[in-house]
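Enquirer: Okay, handing you the structure first.
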Amino acid sequence: MTVTDQRVEPTPVKELARRTLADREGALAWLFLLPSVVYIIALVAIPFGLAIAFAFSDVSAGDPSFDWAGMVNFARAFDDPVFWRSLGNTFVFTGVSMVFIVLLGKVLANILVADFRGKWVVRFLVLLPWTTPVALSSISWLWLLDSIYSPIDWVLRAVGLLGKGENMVWLGEPGLAMTSVIAVHVWRLVPLAAVILMAGLVAIPRDIDEAAKVDGAGYWRRMLEITIPLVAPVIAVSALFGAIFTFTDMAVVRVLTRGGPNDATQVLSSWAFYRGIDGGDVAGGAAVALFLFPLLLAVAVGILRVVRRIEVD
Amino acid sequence: MAVVEVRDLVKQFDGGKAHGKVHAVDGVNLTAADGEYLVLLGPSGCGKTTLLRTIAGLEEPSSGDVLIDDHVVTGLPPRARKIAMVFQSYALYPHKTVQANIVFPLRAAKMERAERDRKALWAAGLLGIEHLLARKPRQLSGGERQRVALARALVREPQVFLLDEPLSNLDAKLRASARDELKSFQDEVGTTTVYVTHDQIEAMGLGDRIAVLSKGRIRQVGPPAEIYDDPADTFVATFIGTPPMNLVPRDGHLVGFRPEHLLPVENVRSAERTLMPLAVDRIEYLSGDRHVYGTVTGIGEATRVVARLPSTVETPIAAGETHDFAVHPDRLRFFAADEEGLRTDPIRLGVG
């Protein structure tokens, strides 16, 4: 080989030199983001802006013209005992359901990760409630909880816990109605929590559990000191998801009780719908609905912080 | 302190439809004496880790028994066996501080708090990690994690230590010093130790005895020198040693000799030295030794072999030449040329 001082002039490769759209990452990024940006603007940002605007107006179904009304709608909401009842119910339903969702979800997740014959059948059955549309499953529950023909009552009568001709009237008594609503929420969201928690359980290195076994720890010590602390961030995520879905849901209340008896199971979202859509008081409904916002914001911040903590570890 | 023994141990795994039953451990009998450092050595997939996990109680044997301190512990959960195990990944509890990691086995044993803390400090002191007690595992280096894992194993004063490749996550330099520390540490505490590794240097350096495993069976058990100098079969002969033992086929036998025993003829002082011409094709110069690659003829079929010449041998050798090499007769080993490759009686070689 001889060394020469001459440099070879680069000649562009004709065939391969063309940059196609697939090579231009900047343009691709915009292209791929566009659908979700349009979706968010059209279905989240605009309705949210409208809700805020309506809350300070006197728009109603009968008179859609926009007039500034200031704080009148909020003042009316505060004077309304049903609003306070709904606000309280929303928190009670969310809080109680969240506890049960996480507890039962954890138990179910343990079953899902266990290795046994026919586990795919169990996994399939567990996920069914989550995949069924809420409105449909709520109608099934409506029948299960029927005041006269409730199958639950048949069972109770057959076991002898309920006298002949007696009925629980699940949705007619304020206390029982609230219990029923919570039960349906829990039934609906436990599978979701279980799947989230299962992912967390599977992510724990097997070595760590085995090290704890060799170190002499029994089942409960391993569960409480090793497993649960390690899945704590995932438990938080499932709790927060449970909270969001219960907090914002109106389908269960709407189908089961329509907020009754006597507004005993009314929640913010169902009350806002009742006022704004059924009652035609769009402005009043919007003002009530706005109260969902601060808590959802807090939950969203909570989820993001937990997720960031997971990433740091 | 205790004797660890496994009897006729078999562990099968379901290998799926294609493989049927896989014998991870296939009828192993082995005893680690009180205070002994026993190393299980073998290539990956040879069943050494499964054997260790069965001793720990993390795997149920398909048949056979595990005995610790002359008690049959087969079927007992790990916590009843008074053993400590160091995992390859160290398996520290990531959410607990070093202190909490170390006292965890003591808390499981329901020890008093003051006693616990005293023991933790003792274990940490022995491994030189007192200054790390408040840290979390992720704030530690690999070597520090390994010490924490050892401290956690040590603190309970177990009957037996089980170590599963504890050095394989360290870089090469740290590994050498950690090996040294591990050995002096065991000398100090004197606990029976079963150590799993695929690294023959670790095995040679640490083990009082080495058990060489292949395909779930024990091929040879013995002190390092015996394993190296008197391999029981061709598997051990070629698995141990870098470069491995040369094997030259002859009449249904294999003639074996270590690379360092194949020397230029003038360096072998014996009347009965076995002469063999070596056609040299390549020479590597590695940490002071010359590794000479070439083909030998004369003692059997022409075979590619390696000779390792220490720096004290100054015979000039170049690639492309043919030199007379020889092996001292005491250094020759003979194996059957079948699949088992067991040792056989010496066969007569034409003395050149």
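The values are calculated or read from the model by the stated rules, or taken from the named source; none is laboratory data. Values in this document were obtained by computation on a predicted structure and should not be read as measured data. Here the Cβ positions follow ideal geometry from the backbone for every residue, glycine too, while neighbour counts run over all protein chains shown.
Yes/no per residue for (1) of a type outside the set (S, T, N, Q); (2) under 19 Å from B:Leu254 (Cα atoms):
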position: B:Asn267; (1), (2): no, no
position: B:Arg273; (1), (2): yes, yes
position: B:Asp281; (1), (2): yes, no
position: B:Asp289; (1), (2): yes, no
position: B:Pro310; (1), (2): yes, no
position: B:Thr315; (1), (2): no, no
position: B:Val327; (1), (2): yes, yes
position: B:Asp338; (1), (2): yes, yes
position: B:Arg343; (1), (2): yes, yes
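Enquirer: Let me ask you something else. Would you pick out the residues in the stretch B:237-257 that are in a loop (DSSP other than H, G, I, E, B) and at negative phi? Please lay out each step first, then the result.
Expert: Of all residues in the stretch B:237-257, those in a loop (DSSP other than H, G, I, E, B) come to B:240-245, B:251-252.
Those that are in a loop (DSSP other than H, G, I, E, B) and at negative phi: B:Ile240, B:Thr242, B:Pro243, B:Pro244, B:Met245.
Enquirer: Same structure, new question: Can you list the helices (runs of 4 or more DSSP H) found entirely within the stretch A:131-247 that contain at least 3 residues being more than 14 Å from chain B (Cβ to nearest Cβ)?
Expert: On the way: elements: A:134-144, A:151-159, A:174-203, A:206-214.
Once the helices (runs of 4 or more DSSP H) in the stretch A:131-247 are filtered for at least 3 residues that are more than 14 Å from chain B (Cβ to nearest Cβ), what remains is A:134-144, A:151-159, A:174-203.
Quick grid of which residues meet (1) closer than 20 Å to A:Ala287 by Cβ; (2) part of a helix (DSSP H, G or I); (3) at pLDDT 85 or above:
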{"site": "A:Phe74", "(1), (2), (3)": "yes, yes, no"}
{"site": "A:Phe78", "(1), (2), (3)": "yes, yes, no"}
{"site": "A:Arg85", "(1), (2), (3)": "yes, yes, yes"}
{"site": "A:Phe93", "(1), (2), (3)": "no, yes, yes"}
{"site": "A:Val96", "(1), (2), (3)": "no, yes, yes"}
{"site": "A:Val102", "(1), (2), (3)": "no, yes, yes"}
{"site": "A:Gly105", "(1), (2), (3)": "no, yes, yes"}
{"site": "A:Arg117", "(1), (2), (3)": "no, no, no"}
{"site": "A:Val126", "(1), (2), (3)": "no, yes, no"}
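Enquirer: Restricting attention to the stretch B:289-344, which residues are touching a helix residue (DSSP H, G or I) at 6+ places or on another chain (Cβ under 6 Å), more than 13 Å from B:Met276 (Cβ to Cβ) and basic (Lys, Arg)?
Expert: B:Arg308
Enquirer: Here is a further query. Which condition from (1) of a type outside the set (A, V, I, L, M, F, W, C); (2) more than 9 Å from every other protein chain (Cβ to nearest Cβ); (3) in contact (Cβ under 8 Å) with a residue 60 or more places away in the chain is the one that B:Asp117 breaks?
Expert: Result: B:Asp117 passes all but (3).
Enquirer: Identify, from the list A:Ala199, A:Ala272, A:Ala211, the residue that is more than 15 Å from the chain's Cα centre (by Cα), crowded, with 18+ Cβ neighbours inside 10 Å and at pLDDT 85 or above.
Expert: Details: A:Ala199 fails: crowded, with 18+ Cβ neighbours inside 10 Å; A:Ala272 fails: at pLDDT 85 or above.
Checking each option against the conditions leaves just A:Ala211.
Enquirer: Sticking with this structure for a sec: Does any residue of the stretch B:71-84 turn out to be over 18 Å from A:Thr227 (Cα atoms), assigned by TED's automatic domain parsing to the domain that holds B:Pro224, without any contact (Cβ under 8 Å) to a residue 12 or more places away in the chain and of a type in the set (Val, Ile, Thr)?
Expert: Scanning the stretch B:71-84, I find at least one residue that is over 18 Å from A:Thr227 (Cα atoms), assigned by TED's automatic domain parsing to the domain that holds B:Pro224, without any contact (Cβ under 8 Å) to a residue 12 or more places away in the chain and of a type in the set (Val, Ile, Thr), so the answer is yes.
Enquirer: Can you pull out every residue in the stretch B:123-143 that is away from chain A (no Cβ under 14 Å), within 21 Å of A:Leu230 (Cβ to Cβ) and charged (D, E, K, R)?
Expert: If the condition is that a residue be away from chain A (no Cβ under 14 Å), within 21 Å of A:Leu230 (Cβ to Cβ) and charged (D, E, K, R), then B:Arg135 is the only one that fits.
Enquirer: Any residue at all in the stretch A:197-219 that is of a type in the set (Gly, Ala, Ser) and in contact with an Asp or Glu (Cβ under 6 Å, 6 or more places away or on another chain)?
Expert: No; the residues of the stretch A:197-219 include none that is of a type in the set (Gly, Ala, Ser) and in contact with an Asp or Glu (Cβ under 6 Å, 6 or more places away or on another chain).
Enquirer: Which residue is surrounded by the fewest Cβ atoms within 10 Å (Cβ to Cβ), if the candidates are limited to the stretch B:33-75 and must be within 14 Å of another protein chain (Cβ to nearest Cβ) and in a loop (DSSP other than H, G, I, E, B)?
Expert: My answer is B:Glu60.
Residue by residue, here is whether (1) at pLDDT below 90; (2) more than 16 Å from B:Ala211 (Cβ to Cβ); (3) away from every other protein chain (no Cβ under 14 Å) holds:
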{"position": "B:Val22", "(1), (2), (3)": "yes, yes, yes"}
{"position": "B:Asp26", "(1), (2), (3)": "yes, no, yes"}
{"position": "B:Thr31", "(1), (2), (3)": "no, no, yes"}
{"position": "B:Lys82", "(1), (2), (3)": "yes, yes, no"}
{"position": "B:His95", "(1), (2), (3)": "yes, yes, no"}
{"position": "B:Pro105", "(1), (2), (3)": "no, yes, no"}
{"position": "B:Ala108", "(1), (2), (3)": "yes, yes, no"}
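Enquirer: For A:Gly259, work out the one condition from (1) touching a Gly at 6+ places or on another chain (Cβ under 8 Å); (2) closer than 26 Å to A:Leu295 by Cα; (3) not in a helix (DSSP H, G or I) it doesn't fulfil.
Expert: Every condition holds for A:Gly259 apart from (1).
Enquirer: Go through the stretch A:157-172 residue by residue and tally those that are touching a Ser or Thr at 6+ places or on another chain (Cβ under 9 Å) and not aromatic (Phe, Trp, Tyr).
Expert: Matching residues across the stretch A:157-172 total 5.
Enquirer: For the list (1) in contact (Cβ under 8 Å) with a residue 24 or more places away in the chain; (2) more than 23 Å from the chain's Cα centre (by Cα), I need the number of the one condition that A:Gly216 fails.
Expert: It fails just one condition, (1).
Enquirer: When you scan the stretch B:117-142, how many residues do you find that are buried (at least 19 other Cβ atoms within 10 Å of the Cβ) and part of a helix (DSSP H, G or I)?
Expert: 7
Enquirer: Could you tell me which of the residues B:Val194, B:Val212, B:Val236 is at pLDDT 90 or above, in contact with a Leu (Cβ under 6 Å, 6 or more places away or on another chain) and within 14 Å of B:Pro43 (Cβ to Cβ)?
Expert: One residue alone meets the criteria, B:Val212.
Yes or no, residue by residue, for (1) out of contact with any Phe, Trp or Tyr (no Cβ under 9 Å at 6 or more places or on another chain); (2) buried (at least 16 other Cβ atoms within 10 Å of the Cβ); (3) outside any helix (DSSP H, G or I):
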residue: B:Phe161; (1), (2), (3): no, yes, yes
residue: B:Leu174; (1), (2), (3): yes, no, no
residue: B:Gln186; (1), (2), (3): no, yes, no
residue: B:Thr193; (1), (2), (3): no, yes, yes
residue: B:Val212; (1), (2), (3): no, yes, yes
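Enquirer: Of the conditions (1) within 30 Å of A:Ala287 (Cβ to Cβ); (2) surrounded by 11 or more Cβ atoms within 10 Å (Cβ to Cβ); (3) not acidic (Asp, Glu), A:Gly62 clears all except one; give me its number.
Expert: (2)
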